[in-house]
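Novice: This is the structure I have questions about; it appears just below.
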Amino acid sequence: MDVIPAIDLLGGRCVRLFQGDYEQSQVFDDDPVAVARRWAEQGATRIHLVDLDGAKAGKPENWQAITQIVQAVDVPVQVGGGLRDRNRVKELFNLGVQYAILGTVAVENPELVGELSTEFPGRIFVGIDARDGRVATRGWIETSTVMADDLARRMGELGAAAIIYTDIKRDGTLKGPNLEALRELAGKIDTPVIASGGVSSMGDLLSLLGVAPLGVSGVIVGKALYTGDVALPEAIKAIGPGRLQDVPPDLSSTRWG
């Protein structure tokens with residue numbers, strides 16, 4: 001399972017929101033580029049960026065920070081927030097971003113997800129942010145009538161490469177991931193699911209291994225990395241590719257009898 005550190009951008013700074021509330025933001029670093037370098041140096045194989053200003057405005061707002069981060073690290077970067085038309089997605093890819101995350105547009109213009117998934121195969125993710133099972137849009141400000149599992153199924157049919165599932169009530173709270181919702185969602189679709197929201201400890205990360213066989217292929221970790229409750233190198237060793245449990249023992253030097 002991939003461990004993906006998150007950098008949420010608000011006003012060019014690295015912040016975390018509490019349950020998606022813009023009025024409850026906490027600044028963790030004024031230099032998101034330095035943060036990205038730190039995660040890459042500690043072994044991250046991918047970095048998750050969210051343009052919070054863009055999600056609210058309906059168009060990307062933190063181009064400078066995104067560009068600088070892509071140029072500063074040698075690992076793939078995935079970006080979401082305000083991506084609601086083809087031109088914005090293509091501009092991001094031209095910057096060097098590897099994966100684009102579509103959210104609001106998946107509800108309001110699902111056909112675009114299909115078109116982009118065909119044009120950029122394997123590079124279009126859909127972010128499904130749920131509040132009590134229903135999909136929230138426009139920077140989590142509005143809650144639609146669309147059910148998360150119905151949208152996930154439809155996006156998989158349209159060719160989305162992965163579903164990033166966030167339980168809004170867990171995000172930024174350090175209360176642990178919603179394993180029941182993840183299990184239910186992953187069990188209904190064939191598209192890989194990336195868990196997001198609530199991770200507070202190594203125990204939370206290890207608990208996700210129970211849903212990995214259902215197709216939960218990764219986890220995004222945010223606040224817990226910034227508070228020090230989770231150390232990225234340890235997290236990667238515990239649940240990442242090549243973790244100790246997955247490495248076959250070396251029996252060549254074992255003496256029998």
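Novice: Under a cut-off of 28 Å between alpha-carbon atoms, report the lysines in cross-link reach of LYS90, not counting same-chain residues fewer than 8 places apart.
Specialist: Straight-distance partners of LYS90: LYS56, LYS59.
Novice: Next question, about the same structure. Sort 154-167, 206-219 for me by packing, meaning the mean count of neighbouring Cβ atoms within 10 Å per residue, highest on top.
Specialist: My ranking of the peptides, most packed first, is 154-167, 206-219.
Novice: If you don't mind, there's one more thing I want to ask. Just the number please: accessible area per residue for the stretch 23-84, 1.4 Å probe, all protein chains included, in Å². Walk me through the numbers before you get to the answer.
Specialist: Working: 2770 Å² over 62 residues.
Value for the stretch 23-84: 45 Å² per residue.
Novice: Let me ask something else. Determine the calculated [θ] at 222 nm for the chain from helices alone, applying -39500 (n - 2.57) to every DSSP H run no shorter than 4 residues and normalising by the residue count; nearest 500 deg cm²/dmol.
Specialist: Values: 11 runs with 88 residues, N = 257.
One gets -9000 deg cm²/dmol as the mean residue ellipticity at 222 nm.
Novice: Quick one: Debye curve from the alpha-carbon atoms of the chain only, equal weights, vacuum; give me log10 I(q)/I(0) at q = 0.11 Å⁻¹ to two decimals.
Specialist: -0.54
Novice: So how much accessible area does LYS188 have, in Å² to the nearest 10, using a 1.4 Å probe?
Specialist: Around 90 Å² of this residue is reachable by solvent.
Novice: How far is helix 110-119 tilted off the main Cα axis of the chain, in degrees rounded to 10, range 0 to 90?
Specialist: 60 degrees
Novice: On to the next question. Measure nothing fancy, just the Cα-based angle from helix 86-95's long axis to the longest principal axis of the chain, in degrees from 0 to 90, nearest 10.
Specialist: 50 degrees
Novice: Now for a different question. Give me the net charge of GLY187's neighbourhood, meaning all other residues with Cβ under 12 Å from the Cβ of GLY187; Lys, Arg count +1, Asp, Glu -1. The partial results should precede the final answer.
Specialist: Numbers: positive: ARG153, ARG183, LYS188; negative: ASP149, GLU180, GLU184, ASP190.
That works out to -1.
Novice: Right, next: Tell me, what HN-Hα J-couplings in whole Hz come from the Karplus equation 6.51 cos²θ - 1.76 cosθ + 1.60 at θ = phi - 60° for each residue of the stretch 206-217, using x for Gly and Pro?
Specialist: Values, residue by residue: 5, 5, 5, 4, x, 9, 4, x, 7, x, 7, 9 Hz.
Novice: Here's a follow-up. Ignoring ligands, DNA and RNA, what percent of the 1.4 Å accessible area of the stretch 46-91 is carbon and sulfur? Let's see the in-between values first.
Specialist: On the way: 770 of 1880 Å².
Answer for the stretch 46-91 is 41 percent, counting heavy atoms of protein chains only.
Novice: With a probe of 1.4 Å, find how much accessible area the stretch 94-203 has per residue, and write the answer as a whole number in Å².
Specialist: Working: 4520 Å² over 110 residues.
Value for the stretch 94-203: 41 Å² per residue.
The values are calculated or read from the model by the stated rules, or taken from the named source; none is laboratory data. Predicted model only: the values in this text are computed from it and were never measured. For neighbour counting, all protein chains shown are included, and Cβ atoms are generated from backbone atoms with ideal geometry for every residue, glycine included. Please note that ligands, DNA and RNA were not included when accessible areas were found on the heavy atoms of the full protein model with its side chains. Shrake-Rupley method; radii C 1.70, N 1.55, O 1.52, S 1.80 Å.
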